[in-house]
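The values are calculated or read from the model by the stated rules, or taken from the named source; none is laboratory data. The structure presented is a predicted model; accordingly, all values stated were derived computationally and were not measured. All Cβ positions, glycine included, derive from the backbone under ideal geometry; neighbour counts span all protein chains shown. Side chains are part of the model used for accessible areas, which takes the heavy atoms of the whole protein and leaves out ligands, DNA and RNA. Shrake-Rupley method; radii C 1.70, N 1.55, O 1.52, S 1.80 Å.
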Amino acid sequence: MAESVWTPDSWRSKPIKQDVVYDDPKELEAVVGRVANLPPLVSSREIDRLRAQLRDVAEGRAFLLQGGDCAESFDYCNPAAIEDKLKVLLQMSLVLIWGMRLPIVRIARMAGQYAKPRSSPYETVDGERILSYRGDNVNSIDPAQRRPDPQRLLAAYFHSASTVNY
């Protein structure tokens, strides 16, 4: 199986199934440029370590435990919410370690699940057709603030960084 070469821009070659249309493409370009110049959220060393751990999982020498939200809100970026999710993952992994007698590879699905795919760009709220809520990194759940806002991409980076580094 041929392995694709990943680059920071390789996503641009993929088909777009649910594009977000921003009112100001220049503002979007400026925000994407700013995010591109921020430090990575994970290091290459962490990625290499996870690959090795996943190899152990694939070969039956470890067990994978993944947990977290399907989609996050920026409001979840607070100590209590982060600690509660981590506690559940740790408690579950302790039970699995004891029962399986295998190392557990824990993956927290948090710190960046700020997008929500939608089957339609519009929804009906109180009889009015409005833009669908696409997640906090695109627009607001508040029906009055549904225009896609590129600044939310920057906010998503900082919420992710805060959660990862908590």
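Given just the C-alpha atoms of the stretch 99-141, how large is their convex hull per residue in cubic angstrom?
127 Å³
Residue 125: net charge of surrounding residues, Cβ under 14 Å, Lys/Arg +1, Asp/Glu -1, itself excluded?
-1
Rounded to whole Hz and in sequence order, give me ³J(HN,Hα) for the stretch 135-144 from the Karplus expression 6.51 cos²θ - 1.76 cosθ + 1.60, θ = phi - 60°, writing x for Gly and Pro.
Once rounded to whole Hz, the list reads x, 4, 7, 10, 8, 9, 5, 5, x, 7.
Rolling a 1.4 angstrom probe over the protein heavy atoms, how many square angstrom per residue are accessible across the stretch 32-166?
Here the residues of the stretch 32-166 average 65 Å² of exposed surface.
For the chain, what is the mean residue ellipticity at 222 nm derived from helices alone (per DSSP H run of n ≥ 4: -39500 (n - 2.57); sum divided by total residues; nearest 500 deg cm²/dmol)?
Counting only the DSSP helices, I get -12500 deg cm²/dmol.
List the lysines whose alpha-carbon lies under 27 Å from that of residue 26, not counting same-chain residues fewer than 8 positions away?
14, 17, 116
How are the C-alpha pair distances of the chain spread across 5 Å bins, as whole percents from the shortest bin up?
Here the calculated profile for the chain is 1, 7, 12, 16, 17, 16, 13, 9, 5, 3, 1, 0.
Of all the accessible heavy-atom surface of the stretch 84-166, with the other protein chains kept in place and a 1.4 Å probe, what percent is carbon and sulfur?
Ligands and nucleic acids excluded, carbon and sulfur give 56 percent.
Which three numbers, in whole Å and largest first, are the semi-axes of the equivalent ellipsoid of the stretch 25-111 derived from its Cα gyration tensor as √(5λ)?
31, 19, 9
Averaged over all directions, how much area does the convex hull of the C-alpha atoms of the stretch 123-166 cover when projected, in nm²?
3.3 nm²
Anyone know which of 121, 148, 25 comes out most mobile in the 10 Å Cα GNM of the chain?
25
On the full set of protein chains, 1.4 Å probe, figure out the accessible area of residue 63 and give it in Å² to the nearest 10.
Looks like 70 Å² after rounding.
Which of the lysines could a cross-linker bridge to residue 87, judged by Cα under 21 Å and excluding same-chain residues fewer than eight apart?
none
If you take every DSSP beta bridge fully contained in the chain, what fraction is antiparallel? Give it as a percent rounded to 5.
So the antiparallel bridges amount to about 40 percent of the total.
Give me the net charge for the shell around residue 100: Cβ to Cβ below 14 angstrom, other residues only, Lys and Arg +1, Asp and Glu -1.
Surrounding charge for residue 100 is +2.
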